[in-house]
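Inspection log for the structure reproduced underneath, given as C-alpha cells.
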Amino acid sequence: MKLRPLSDRIVIKKLEAEEKTKSGIVLPSASKEAPVMAEVIAIGADITNDEKKAKEIKVGDKVIFSTYAGTNAKIDGVEYTVLKFADIVAVVED
C-alpha cells in the first residue's frame with residue numbers, strides 16, 4: 001500500500017530517538033523523548049507545483065517538525081505521520 005498526500009501535506013516516517021545519553025546511560029522507553037526528527041516519504045502536489053516550496057524540501061530529506069503536529073497512520077506495520085508543510089520547522093543538512 002502507498003500513501004499519496006493531498007495538497008500541502010507531507011508524509012514522514014519518524015526516526016528513532018536515542019536510547020543512550022551522551023554519557024552512555026541507557027534510557028528506558030518511558031523516559032525517552034518523542035522523536036521530532038523524521039524522513040520525508042512523500043510530498044503533496046501543492047508543494048511539488050510550488051517552485052519555492054519544491055526547492056525547500058524533497059523526498060528523502062531529514063526534517064524537524066512540530067512536536068504535536070500531524071496525524072499518525074499505521075500502514076503495513078509501519079508508522080507514518082501526515083502533516084502540513086507549515087509544520088516542518090527545519091531541514092537537517094549534513
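The values are calculated or read from the model by the stated rules, or taken from the named source; none is laboratory data. Just so it is clear, the model here is predicted, and its values are computed rather than measured. Cβ: placed from backbone, ideal geometry, glycine included. Neighbour counts: every protein chain shown. Please note that ligands, DNA and RNA were not included when accessible areas were found on the heavy atoms of the full protein model with its side chains. Shrake-Rupley method; radii C 1.70, N 1.55, O 1.52, S 1.80 Å.
Couplings for the range 66-76, taken from phi via the Karplus curve 6.51 cos²θ - 1.76 cosθ + 1.60 with θ = phi - 60°, read 4, 4, 9, 7, x, 10, 8, 9, 9, 10, 6 Hz in order; Gly and Pro are left as x. Overall, the accessible surface of the range 44-93 at a probe of 1.4 angstrom is composed of carbon and sulfur to the extent of 48 percent.
Estimated from the Cβ-Cβ distance and a Förster radius of 22 angstrom, the FRET efficiency linking E93 and R4 is about 0.25.
Spacing of the modelled spin labels on L15 and D50, each 7 Å from Cα toward Cβ, amounts to 2.4 nm.
Amide hydrogen proximity for A42: with H placed 1.01 Å from N in the peptide plane, the residues at 5 or more positions away or on another chain lying under 5 Å are V11.
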